[in-house]
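Take a look at the structure set out below.
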Amino acid sequence: MTIGQALRKIRQNLDLTQKEMAANIVTRPFYAKAEAGKSRISADKLAAILFEHDVDITYFYQLLRATYTSKQKKIESDLNNKMEQAFNVGKIDEIESCYQEILSQSHSKILKLRAMISVAYLKNKLNQIDPKIKKDLFIEFNEGQNWMTNPELLRLFTNTMPLWEQDTLAFFINRLLNEMKSNKNISELEQERYLRVFENYLAVCYNRKLSKKSLQLMHVPKIIDYIMESKPTIHFLLYKIAALYLKNLFLNNKEEAQKIRNEVQKYGYQDLIKTWPK
């Protein structure tokens with residue numbers, strides 16, 4: 001959709017006239033032209049109209065995504081989704097095929113790195129990753145500040161977790177946790193990205209069979225508390241359920257953990273629990 005088409009859709013959903021939608025922020029004639037794509041509306045006026053009518057900004061921009069995203073970005077987004085689906089179900093042949101597509105079609109160095117490491121992880125060949133790559137990644141996460149706010153780098157960090165020694169991984173995770181706790185203006189979209197990172201960290205810690213003392217040192221209880229205390233929104237519910245499931249695994253409450261798996265599966269989230277450790 002164009003901006004005008006998205007505005008029309010929002011207005012019709014709200015059952016408003018063009019004059020009501022314009023809300024004296026712009027004139028009704030100007031708004032009509034903006035909706036018809038005959039005039040450009042400024043960013044501040046557009047934001048004012050959306051806020052006036054309590055429109056979810058994320059939803060509005062999702063309506064625009066297909067129209068304003070570049071062709072190359074769409075290709076890489078599709079490849080990323082394909083790779084993640086193959087990884088989540090553990091299909092080595094599919095993710096290897098996807099890796100070859102990424103090498104030939106993507107311009108993103110980060111996406112190529114993520115795909116390479118995902119293939120190595122599923123094939124149990126992480127020890128064959130070039131040491132220089134690991135060194136470069138360490139510099140990126142240790143010295144670069146923007147990895148904690150850059151969505152692509154956060155995904156890369158999540159994928160590379162199995163590469164790190166536990167102490168190094170815990171160091172990075174603690175930095176990320178402290179950054180999140182100090183950020184008072186974090187959006188729900190940003191917080192969801194961090195919850196995904198933390199959930200993956202808990203799974204890595206469980207798979208490494210850490211002792212109870214090590215779990216404390218590796219910040220596992222703090223991570224679980226952070227997830228459980230996150231905003232009570234529907235978007236975060238599955239992360240909280242996953243954290244509760246992993247908490248029971250850490251406490252060796254296998255029966256309680258299995259009950260959670262059964263309940264999640266009963267409500268149709270079979271694909272979700274495929275990535276959960278047992």
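The values are calculated or read from the model by the stated rules, or taken from the named source; none is laboratory data. Owing to the predicted nature of the structure, the values given are computational and were not obtained by experimental measurement. Note: ideal-geometry Cβ built from the backbone for every residue, glycine included; neighbour counts use all protein chains shown. Remember, those area values only see protein heavy atoms, side chains included, never the ligands or the DNA or RNA. Shrake-Rupley method; radii C 1.70, N 1.55, O 1.52, S 1.80 Å.
Where only DSSP H runs of four or more residues are counted, the chain gives -22000 deg cm²/dmol as its mean residue ellipticity at 222 nm, each run worth -39500 (n - 2.57). As a length-normalised measure over Cα pairs under 8 Å and 6 or more apart, the relative contact order of the chain settles at 12 percent.
Computed on protein heavy atoms with a 1.4 Å probe, the accessible areas place L189, L176 in the order L189, L176, largest first. Between region 69-84 and region 218-237, the C-alpha centres lie 29 angstrom from each other. Taking all protein chains as they are arranged and a probe of 1.4 Å, the heavy atoms of T58 leave approximately 80 Å² accessible to solvent.
The Cα atoms of region 139-217 give a gyration tensor whose axes a ≥ b ≥ c have a/c of 1.5 or more with a/b greater than b/c, which makes the shape prolate.
Taking 8 Å as the Cα distance limit and 6 or more residues as the minimum spacing, I'd like the relative contact order of region 155-252 as a percentage.
Relative contact order of region 155-252: 33 percent.
Ranked by solvent-accessible area (1.4 Å probe, protein heavy atoms only, all chains present), the residues Y59, Y239 order from largest to smallest as Y59, Y239.
Carbon-plus-sulfur fraction of the accessible area of the chain, 1.4 Å probe, in percent?
C and S fraction of accessible area: 50 percent.
Among the listed values (1) 49, 47, 37; (2) 67, 43, 39; (3) 58, 37, 34, the one computed from these coordinates for Cα extents along the principal axes in Å is (2).
Once you charge only the Cβ atoms, +1 for Lys and Arg and -1 for Asp and Glu, what is the size of the charge dipole of region 37-142 about its Cα centre, to the nearest 20 debye? Spell out each step's value before the answer.
Numbers: 17 positive and 14 negative charges, 78 e Å.
Approximately 380 debye in magnitude.
The residues of the chain expose, per residue, 58 Å² of accessible area to a 1.4 Å probe. Between the alpha-carbon centres of region 135-161 and region 25-50 there is a gap of 39 Å.
For K212, a cut-off of 26 angstrom between C-alpha atoms picks up these lysines, skipping any fewer than 8 places away in its own chain: K181, K222, K240, K247, K254, K259, K274, K278.
When a/c reaches 1.5 or more, the comparison of a/b and b/c decides; with that in mind, is region 4-66 rounded, prolate or oblate per its Cα gyration tensor? Spell out each step's value before the answer.
Numbers: a/c = 1.39, a/b = 1.23, b/c = 1.13.
Rounded, since a/c falls under 1.5.
Relative to the longest principal axis of the C-alpha atoms of the chain, give the angle of the C-alpha long axis of helix 43-52, reported between 0 and 90° and rounded to the nearest 10°. So the helix axis and the longest Cα principal axis differ by about 90 degrees.
Going through region 142-241, which GluC sites (Glu not before Pro) have at most 16 other Cβ atoms within 10 Å and a DSSP loop state?
Those that pass, being in a loop and sparsely packed, are E165, E229.
Which shape class applies to region 59-156: rounded if a/c is under 1.5, otherwise prolate when a/b exceeds b/c and oblate if not, where a ≥ b ≥ c are the square roots of the Cα gyration tensor eigenvalues?
Judged from the Cα gyration tensor, region 59-156 comes out oblate (a/c at least 1.5, b/c at or above a/b).
Under a GNM of the chain (C-alpha, springs under 10 Å), which listed residue has the highest mean-square fluctuation: M228, M116, M21? Sorting by GNM fluctuation, first place goes to M21.
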